[in-house]
1. Find all pairs meeting these conditions: Cβ atoms under 8 angstrom apart; at least six residues apart or on different chains; first residue within the stretch 5-17 and on the phi < 0 side of the Ramachandran plot; second residue assigned to a helix (DSSP H, G or I) and modelled with pLDDT under 85.
2. Does the stretch 19-42 hold any residues that are assigned to a helix (DSSP H, G or I), surrounded by 10 or more Cβ atoms within 10 Å (Cβ to Cβ) and at pLDDT below 85, and which are they?
Amino acid sequence: KMHAEKDQMNCEKMEKHMQMMGKMDHSKMDMKDPAMKAMMTNMGKMKAMYQKNCVTNDSKS
């Protein structure tokens, strides 16, 4: 039970983070900057994790 709650909290954290990232001014980002590239890669991983773990499909096929 504890584990599920922890995951749920994590999902909320990830969701907030993704919303924050979405509000950022992407036009000011320098995609040649390695730090930026790494951040975007992390975002991709986070989104995938979020969709896998947090977006629950009730209709499990």
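The values are calculated or read from the model by the stated rules, or taken from the named source; none is laboratory data. Predicted model, so just to flag it, every value in this text is computed and none were measured. Positions of Cβ are generated from backbone atoms using ideal geometry, with glycine treated the same way; all protein chains shown enter the neighbour counts.
1. Asp7/Asn53; Asn10/Asn53; Cys11/Asn53
2. First, the residues of the stretch 19-42 that are assigned to a helix (DSSP H, G or I): 19-23, 26-28, 34-42.
Filter once more, so that each one left must be surrounded by 10 or more Cβ atoms within 10 Å (Cβ to Cβ): 21, 26, 36-42.
Correct list: Met21, His26.
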